[in-house]
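No value in this document is a laboratory result; all are computed from the given coordinates. If you're wondering where the values come from, they're calculated on a predicted model, not measured in any experiment. Here the Cβ positions follow ideal geometry from the backbone for every residue, glycine too, while neighbour counts run over all protein chains shown.
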Amino acid sequence: MTYQSTIAEANTAIGPNTDTWSGIDAANVARMRLQNRFRTGLDIARYTAKIMRQDMAAYDADPANYTQSLGCWHGFIGQQKLISIKKHFGSTKGRYLYLSGWMVAALRSEFGPLPDQSMHEKTSVSDLIEELYTFLRQADARELGGLFRELDAAKAAGDAVNTHRLLHKIDEFQTHIVPIIADIDAGFGNAEATYLLAKKFIEAGACCIQIENQVSDEKQCGHQDGKVTVPHEDFLAKIRAVRYAFLELGVDDGVIVARTDSLGAGLTKQIAYVREKGDIGDQYNSFLDCDEVTADQITHGDVLITREGKLMRPKRLPSNLYQFRTGTGEDRCVLDSITSLQNGADLLWIETEKPHIGQIGGMVSRIREVIPNAKLVYNNSPSFNWTLNFRQQVFDAWAAEGKDVSAYDRARLMSAEYDATDLGAEADERIRTFQRDAAAQAGIFHHLITLPTYHTAALSTDNLAKEYFGEAGMLGYVKGVQRQEIRQGIACVKHQNMSGSDIGDDHKEYFSGEAALKAGGVHNTMNQFAA
């Protein structure tokens with residue numbers, strides 16, 4: 001719908017009621033409609049699901065078309081990311097938001113800061129999805145409101161060229177609404193609980209839900225120890241539950257990301273049910289660490305299975321968990337991934353202990369022998385020491401090539417003394433091109449950073465506190481924050497406008513006409529930032 005056609009549509013409704021709808025203007029109605037294009041979360045989910053599907057197809061055609069996102073823990077943070085993306089790149093294409101369960105647990109729980117162990121409130125994640133889209137919709141309203149004000153000024157000045165330009169800009173407006181990949185952890189319960197929570201996510205606007213194969217009540221952060229996985233049938237039931245939720249709500253293009261934590265998970269809570277030799281349950285059990293026993297070695301309370309006609313006793317811990325054989329993590333990841341894609345998942349997430357293209361690519365190659373178009377979402381995690389990891393990778397590569405690495409101490413490569421060295425420079429270049437290279441070589445469709453704003457908030461607050469409470473005093477804020485906002489064109493320097501004050505003034509004028517008491521008058525101190 002164009003601006004003019006929306007006015008015409010509004011006039012159709014207003015026309016028969018002109019005698020009783022005094023002061024209702026079709027242009028104002030059109031503006032409000034365009035500023036609130038998405039009426040419900042389901043409108044958003046359907047719109048963004050189509051975007052993701054198109055982006056996935058584009059990646060299949062050319063891996064250079066990978067996508068990216070940054071994690072966020074507040075609607076304002078998500079809003080500012082999208083405003084910045086539009087400011088710097090002119091388009092939101094290929095750029096999403098990630099909603100991290102870790103950050104919800106650490107920053108949004110009523111219990112206070114929690115570890116990433118599914119102890120936070122279930123609905124705090126769906127609440128954050130709704131909050132994010134509320135802020136993104138307001139970003140649309142704010143930007144369009146500015147364009148409407150410019151349009152009014154151009155018309156008042158009789159500037160036909162600028163009027164035409166602004167009408168075109170309004171009609172071609174690109175929304176701040178983008179896909180959110182939402183973390184549902186391990187489903188917060190059984191498959192029914194997963195289905196109910198998934199519906200909450202989707203109704204809030206999520207087009208993409210990420211679910212992991214850990215035990216729900218034993219869930220750990222993917223980069224912590226003590227992870228416990230579930231048999232494939234249990235995980236597939238939850239994947240199906242999420243798919244049913246999408247289909248029930250009419251989001252047929254909904255995307256499911258199946259995450260496997262098997263690479264770092266050495267434990268399982270259950271021995272899988274086996275229907276016949278070689279089935280998925282039997283394959284899961286084949287990775288169990290077992291001791292062969294004879295009938296006279298069986299003791300009270302033993303749990304036993306058979307393997308190739310032999311009686312086996314799985315190694316069970318006092319926690320009642322069973323161990324996997326050491327070194328089977330990669331094989332289990334591959335099996336997890338293939339099974340998930342064959343049973344309803346669209347994308348994979350393999351949680352690794354380091355960002356290594358060779359390791360990831362090796363697993364993807366094995367998966368693609370069965371599922372040729374398998375694609376990954378990859379966590380460019382702040383849990384990795386990127387500097388140390390990549391410097392060690394370069395060190396090892398140079399050593400293997402026979403280069404002289406005697407000037408470097410591999411154990412101390414994080415040291416600032418290596419920042420300006422050839423090794424440091426090559427490591428930084430590999431970090432810079434990691435996403436592009438991994439998209440081409442390791443099947444990674446989407447790169448995300450889970451916790452970036454957790455760390456940027458901590459760093460910027462530390463710098464401000466050091467200056468403001470130190471010798472710099474108020475200059476610490478002015479020089480380090482406000483002056484930078486002004487010179488870098490950060491819209492938030494006009495924080496009243498960012499919070500919706502001008503949108504409210506527009507509405508006051510619609511509702512009250514000349515009697516409107518507006519906040520944006522000559523005495524508003526935000527006018528000091530007009531330049």
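Taking the highest mean first, how do the peptides 28-37, 394-403 order by number of other beta carbon atoms within 10 angstrom per residue?
On the way: 28-37: 18.8, 394-403: 13.3.
Highest mean packing first, the order is 28-37, 394-403.
Output the antiparallel fraction of DSSP beta bridges having both residues in the chain, as a percent to the nearest 5.
In the chain, approximately 25 percent of DSSP beta bridges are antiparallel ones.
Using θ = phi - 60° and the Karplus curve 6.51 cos²θ - 1.76 cosθ + 1.60, what whole-Hz ³J(HN,Hα) does each residue of the stretch 406-418 get, with Gly and Pro shown as x?
5, 7, 10, 9, 4, 6, 10, 5, 6, 4, 5, 5, 9
Run the Debye formula on the Cα coordinates of the chain, all scatterers equal and no solvent, and tell me log10 I(q)/I(0) at q = 0.09, 0.12 1/Å.
With no solvent term, the Cα-only Debye profile gives -0.79, -1.22.
For the chain, what is the charge dipole size about the Cα centre, in debye to the nearest 20, if Lys and Arg each add +1 at the Cβ and Asp and Glu each add -1 at the Cβ? Can you show the working numbers first?
On the way: 56 positive and 70 negative charges, 145 e Å.
Magnitude of the dipole: close to 700 debye.
For the stretch 174-283, what D do you get in µm² per second when you plug the Kirkwood radius from alpha-carbon pairs into Stokes-Einstein at 25 °C and 0.890 mPa s?
Numbers: Rh = 14.8 Å.
Translational D for this selection: 166 µm²/s.
When N is the residue count of the stretch 337-392, what does its C-alpha Rg come to as a fraction of 2.2 N^0.38 Å?
Details: Rg = 12.8 Å, N = 56, 2.2 N^0.38 = 10.2 Å.
Scaled against compact globular proteins, the figure is 1.26.
Counting just the Cα atoms, what span does the stretch 282-330 cover along each of its three principal axes? Round to the nearest Å and put the largest first.
Sorted largest first, the three principal extents are 35, 28, 15 Å.
Hey, what does the equivalent ellipsoid look like for the stretch 1-60, semi-axes from the Cα gyration tensor as sqrt of 5 times each eigenvalue, largest first, whole Å?
Equivalent-ellipsoid dimensions as semi-axes: 35, 11, 8 Å.
How large is the convex hull of the Cα atoms of the stretch 280-400 per residue, expressed in Å³ as a whole number? Before the final figure, lay out the partial values.
Details: hull volume 21.9 nm³, N = 121.
Enclosed volume per residue, from the Cα hull, is 181 Å³.
With only alpha-carbon atoms counted, please give the Rg and Dmax of the stretch 346-435, in Å.
Considering the stretch 346-435 through its Cα atoms, Rg and Dmax are 15.3, 47 Å.
Taking the convex hull of the Cα atoms, report for the stretch 449-525 its projected area averaged over all directions, in nm².
7.7 nm²
Which of the peptides 301-310, 60-69 is most tightly packed, and how do the rest follow, going by the mean number of other Cβ atoms within 10 Å of each residue? List each step's numbers first, then the result.
Details: 301-310: 10.7, 60-69: 16.6.
Packing order, densest peptide first, comes out as 60-69, 301-310.
Count charges around Gly470 for me, please; just the other residues with Cβ under 13 Å from its Cβ, Lys/Arg as +1, Asp/Glu as -1. Present the calculation step by step, with values, prior to reporting the outcome.
Working: positive: Lys466, Lys479; negative: Asp462, Glu467, Glu471.
The answer is -1.
Roughly how many nanometres apart are two label points built 7 Å out from the Cα toward the Cβ at Asp19 and Ala465?
My value for the distance between the label points is 6.8 nm.
What's the magnitude of the charge dipole for the stretch 133-267 around its Cα centre, counting Lys and Arg as +1 and Asp and Glu as -1 at the beta-carbon? Answer in Debye, nearest 20.
Details: 14 positive and 21 negative charges, 63 e Å.
Dipole about the Cα centre, nearest 20: 300 debye.
Round to the nearest 10 and give me the degree value, 0 to 90, for the angle of helix 75-89's Cα axis relative to the longest principal axis of the chain.
Compared with the principal axis, the helix lies near 80 degrees.
Return the calculated 222 nm mean residue ellipticity for the chain, to the nearest 500 deg cm²/dmol, obtained by summing -39500 (n - 2.57) across DSSP H runs with n ≥ 4 and dividing by the residue count.
Calculated mean residue ellipticity at 222 nm is -15000 deg cm²/dmol.
Can you check what the net charge comes to around Thr339, using other residues whose Cβ is under 12 Å from the Cβ of Thr339 (Lys, Arg +1; Asp, Glu -1)?
-3
Computed over the Cα atoms of the stretch 379-425, what is the convex hull's projected area averaged over all directions, in nm²?
Averaged projected hull area, Cα only: 3.7 nm².
Roughly how many Å is it from the Cα centre of the stretch 511-531 to that of the stretch 318-385, as a whole number?
Cα centroid to Cα centroid, the span is 56 Å.
Per-residue counts of other Cβ atoms within 10 Å, averaged by peptide: what ranking do you get for 408-421, 272-285, highest first? Could you put the intermediate results ahead of the total?
Details: 408-421: 13.5, 272-285: 15.9.
The most tightly packed comes first, giving 272-285, 408-421.
Can you pull the percent of Cα pairs in the stretch 218-306 with separation above 17 Å?
The proportion of pairs with Cα distances above 17 Å equals 63 percent.
Relative to a virtual label point 7 Å from the Cα of Asp127 in the Cα→beta-carbon direction, which members of the stretch 78-106 show backbone nitrogen distances below 16 Å?
Residues 100-106 fall inside that zone.
Over the Cα atoms of the stretch 153-218, what Rg and Dmax result, in angstrom?
Over the stretch 153-218's Cα set, Rg and Dmax evaluate to 22.5, 68 Å.
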